[in-house]
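Engineer: Following this message is one structure expressed as structure tokens.
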Amino acid sequence: MRHLFILIIALNYWTDAFAQKATLPSEILTSKQVTELFPDTVRKTLNINFPIFRVYKYSDKAGQYYCILSESRNVISVDKDTFSHNIKAINVKADNGSFIKLWEINDNIIKNNNDESSIWFWTKYIDFKDYDNDGLADPFIIYGTSAANGYDDARIKFIIYYRGQKIAIRHQNGVLDFERETMVDKLFYDLPQSLQTSTKQKMELMIKNNQAIFPAGWQTAMKNKMTIFKER
């Protein structure tokens, strides 16, 4: 009985330790750390041609990673607001003093009837958690644009990297009901429930922050695993 008791304690210890590890907290590098890790020679090798806005450092059981967010910073207004026309995110893995590029994201503003003016990473919603407790991080990147009516007619894009797959949700805000549309990759509904729930929570927060206007009934549409839903 005593040995069984000790075994239970040990199992509880390792379960708690793994659960803490599964949280996989990320770290934002300082400007000095970014300059030291990614000098001009490294940036050229990785094809980073825009100013680096932020670098996240995170680790999982497979290694240590850096997610580099860069924005073109085309215009700086009189009140010091920065407007970018292009963005690029590059995710690299540390490998014996060098870096291996795993994936990258590229996008730009679109000139259409809305005339998008800027695009940037929405860092409030970005995370690198282990959603299914398999010891591997599941990078979750979100960015959006501003257009003629600010957020009201701009775009939002969710990108999730899960076990080597890139899964996206693309949303178009709209001042008029019929202009709003959300497109969900079919593979999204195969993701762990915790990851799907987190996505919906981020969507709810965007609504609360007046950054998104999703089509009416979007929660039901996602519950029914619809891949395209819009206002009627």
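Engineer: Simple spin-label model, 7 Å along Cα-to-Cβ: residue 223 to residue 54 in nm?
Structural biologist: 3.3 nm
Engineer: Here is a follow-up. Between residue 95 and residue 205, how high is the FRET efficiency from 1/(1 + (r/R0)^6) when r is the Cβ-Cβ distance and R₀ = 35 Å? Nearest 0.05. Spell out each step's value before the answer.
Structural biologist: Values: r = 36 Å, r/R0 = 1.02.
Rounded to the nearest 0.05, the efficiency is 0.45.
Engineer: Right, another one. May I ask which residue of 228, 136, 161 lies farthest towards the positive end of the charge dipole of the chain, with charges of +1 (Lys, Arg) and -1 (Asp, Glu) on Cβ and the Cα centre as origin?
Structural biologist: About the Cα centre, the residue reaching furthest to the positive side is 136.
Engineer: Continuing with the same structure: Taking the chain as a Gaussian network, where each spring joins two C-alpha atoms under 10 Å apart, which residue of 196, 172, 211 fluctuates the most?
Structural biologist: Among 196, 172, 211, the largest GNM mean-square fluctuation belongs to 196.
Engineer: Heavy atoms only, probe 1.4 Å: what % of the accessible area of the chain goes to carbon and sulfur, would you let me know? Intermediate results must be reported in sequence, preceding the final value.
Structural biologist: Details: 6870 of 13000 Å².
After summing per-atom areas, the C and S share lands at 53 percent.
Engineer: Moving on. On average, how much accessible surface per residue is there in the range 105-203, in Å², for a 1.4 Å probe, leaving out ligands, DNA and RNA? Let's see the in-between values first.
Structural biologist: Details: 4160 Å² over 99 residues.
Averaged over the residues of the range 105-203, the accessible area is 42 Å².
Engineer: May I pose another question? So for the chain, averaging the separation of alpha carbon pairs under 8 Å that are six or more residues apart and normalising by length, what relative contact order in percent results? Could the numbers behind the result be given before it?
Structural biologist: Details: 414 pairs, mean separation 27.4, N = 232.
Relative contact order comes out at 12 percent.
Engineer: Can you give the charge dipole size of the range 178-232 about its Cα centre, rounded to the nearest 20 debye, using +1 on the beta carbon of Lys and Arg and -1 on the beta carbon of Asp and Glu? It would help to have the intermediate numbers written out before the result.
Structural biologist: Values: 9 positive and 6 negative charges, 26 e Å.
Value, rounded to 20: 120 debye.
Engineer: What size of dipole, in debye to the nearest 20, comes out for the range 136-232 about its Cα centre when the only charges are +1 on Lys and Arg C-beta atoms and -1 on Asp and Glu C-beta atoms?
Structural biologist: Values: 14 positive and 10 negative charges, 59 e Å.
Magnitude of the dipole: close to 280 debye.
Engineer: Follow-up question, since we're still on this one. Note down the relative contact order for the range 36-170 as a percent, whole number, built from C-alpha pairs under 8 angstrom at least six residues apart. Don't skip to the end; give the middle numbers.
Structural biologist: On the way: 262 pairs, mean separation 20.0, N = 135.
It rounds to 15 percent for the range 36-170.
Engineer: Shifting gears a bit: Taking only C-alpha pairs under 8 Å that are 6+ residues apart, what is the relative contact order of the range 112-154 in percent? Could you put the intermediate results ahead of the total?
Structural biologist: Working: 63 pairs, mean separation 19.9, N = 43.
Value for the range 112-154: 46 percent.
Engineer: I've got another one for you. Of 198, 149, 109, which is farthest on the positive side of the dipole of the chain, counting Cα position, with +1 on Lys and Arg Cβ, -1 on Asp and Glu Cβ, and the Cα centre as origin?
Structural biologist: 198
Engineer: Out of residues 5 or more away from residue 53 or on other chains, whose amide H comes under 5 Å of its own, with H placed 1.01 Å from N in the peptide plane?
Structural biologist: Correct list: 69, 70, 71.
Engineer: Using the Karplus curve 6.51 cos²θ - 1.76 cosθ + 1.60 with θ = phi - 60°, work out ³J(HN,Hα) for each residue of the range 202-208 in order, rounded to whole Hz, and write x for Gly and Pro.
Structural biologist: Values per residue, Gly and Pro as x: 5, 5, 4, 5, 5, 4, 4 Hz.
Engineer: Would you be so kind as to identify which of 212, 175, 64 lies farthest towards the positive end of the dipole of the chain, taking Lys and Arg as +1 and Asp and Glu as -1 on Cβ and the Cα centre as origin?
Structural biologist: It is 64, whose Cα lies furthest towards the positive end.
Engineer: Mind listing the phi-derived Karplus ³J(HN,Hα) values for the range 107-117, rounded to whole Hz, using 6.51, -1.76 and 1.60 with θ = phi - 60°, and x for any glycine or proline?
Structural biologist: Result, rounded to whole Hz: 7, 8, 5, 10, 8, 9, 4, 8, 6, 4, 10.
Engineer: Tally Lys and Arg at +1 and Asp and Glu at -1 over the other residues with C-beta under 9 Å from the C-beta of residue 51: what net charge comes out?
Structural biologist: Details: positive: 73; negative: 71.
Charge balance near residue 51 sits at 0.
Engineer: Shifting gears a bit: Let's see if you can work this out: charge +1 on each Lys and Arg Cβ, -1 on each Asp and Glu Cβ, no other charges. What is the dipole magnitude of the chain about its Cα centre, in debye to the nearest 20? Don't jump to the answer; show the numbers that get you there.
Structural biologist: Numbers: 30 positive and 27 negative charges, 76 e Å.
Around 360 debye, computed over the chain.
The values are calculated or read from the model by the stated rules, or taken from the named source; none is laboratory data. What you see is a predicted model, and the numbers here were worked out from it, not measured in a lab. Here Cβ is always computed from backbone atoms with ideal geometry, including for glycine, and neighbour counts include all displayed protein chains. For accessibility, only protein heavy atoms count, side chains too; no ligands or nucleic acids. Shrake-Rupley method; radii C 1.70, N 1.55, O 1.52, S 1.80 Å.
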